[in-house]
Amino acid sequence: MSEQLANVERAIEVPRPQLGIFLCLLSMLIFASQDGITKVLVKDLPVAQLMMVRYWVFVVFALGYAAYRGGIRASISSRHPWQQVVRALVGVADVALFAIGLRFLGLAEMHALYAVFPLMTLALAGFMLGEFIGVRRWVAAAIGFSGTLVILRPGAGVFELVALIPLVSALGFALFNVLTRRISQHDSFATNMLYMAIVGAIAATCVGLPGWVAPTGSEWVLLGIVSLTGVVAQLLLIQSLRYATAGTLQPFNYALLVFATLIGFAVFGEIPDTWTVVGAVLVILGGMYSIKTKG
């Protein structure tokens, strides 16, 4: 993914940061809306079934993109096929865990805890890729970690084990990002996406098909919406980088938490408590500080 983003940034011809920010915010709104739909669907449908439908729609898009970018045969060739498989399995497990978490937690709480993944990525990059992590970035990680403790409040009698689900999911996404960074040094974005789609679809089908539950008409509509908008949101996010740099857009990625909170309140009547709000602010501050600092 990092290689793709770098290529997109190099392709910027006419910088239009306002348009880039708008597209980024629109993609965050779609992602938050997807999570709201997912929260509705997982009440009655197995998570694996939801994943299966989403990934097969993703396969169609990935095959079309690979064919457009030079051919499916060329895109399926990878210098790191087993790492691609592991990365894809980690990716599908991450999304599945997040969907499971939505059964038990509100949108704001889920996203507040999940927002710690950039700091987890920072730590994993230092451990797995040998990237230099300065004192200031460790301070940023400590700030973000303190935010998760404020939200979880272990020892205060309000901690629930289900609150660990978004943290494990965030760790999975951090690992996914680090593996993507390593693999993208040799494999193209089309190759990364094709492996992600095919391996993810096979894995989700193996688990989801045996437990298939016939969706209602309205559930089929929601399944179609959440599957198609997933592709649209990713395209909007990539397109936003044609008009603004990743550094410019990064702060606006945290709008996902704001949108999720608003949707949780408007649709599900969820009101985050003071501790969740304070913890979320600390997590965001830690993430922002890690992005801005180089030492």
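Key figures
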read-out: Contour excess over end-to-end distance, with Cα ends at Trp56 and Arg16 and 0.36 nm allotted per residue; value: 10.9 nm
read-out: The range 27-71: trypsin sites (Lys or Arg not before Pro) in DSSP coil with no more than 14 other Cβ atoms inside 10 Å; value: Lys43
read-out: Residue-span extension gain [Asp44 to Arg79] - 0.36 nm each, minus C-alpha spacing; value: 8.5 nm
read-out: From phi via Karplus (6.51, -1.76, 1.60), per-residue ³J(HN,Hα) for the range 20-32 in Hz, x at Gly/Pro; value: x, 5, 4, 5, 5, 5, 5, 5, 5, 5, 5, 4, 5
read-out: Per-pair calculated FRET efficiency, R0 = 51 Å: Val139 and Val162 via Cβ, rounded to 0.05; value: 0.95
read-out: Cα-based convex hull, the range 2-292, per residue volume (Å³, whole number); value: 139 Å³
read-out: Segment Val277-Phe104, extension gain: residue separation times 0.36 nm, minus the distance between their alpha carbons; value: 60.4 nm
read-out: Test item: Cα-centred dipole of the range 2-292, Lys/Arg +1 and Asp/Glu -1 on Cβ, debye; value: 620 debye
read-out: Residue-wise HN-Hα coupling along the range 128-133, computed from phi with Karplus coefficients 6.51, -1.76, 1.60 (Hz; x: Gly, Pro); value: 8, 10, x, 6, 6, 10
read-out: Under Karplus coefficients 6.51, -1.76 and 1.60, residue-wise ³J(HN,Hα) of the range 272-287 in Hz, glycine/proline x; value: x, 6, 4, 5, 5, 5, 4, x, 4, 4, 5, 4, 5, 4, x, x
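Coordinate-derived values only; no laboratory data. Bear in mind that the values here come from a model prediction, so they are computed numbers and not experimental data. We place every Cβ from the backbone using ideal geometry, glycine too, and count neighbours over all the protein chains shown.
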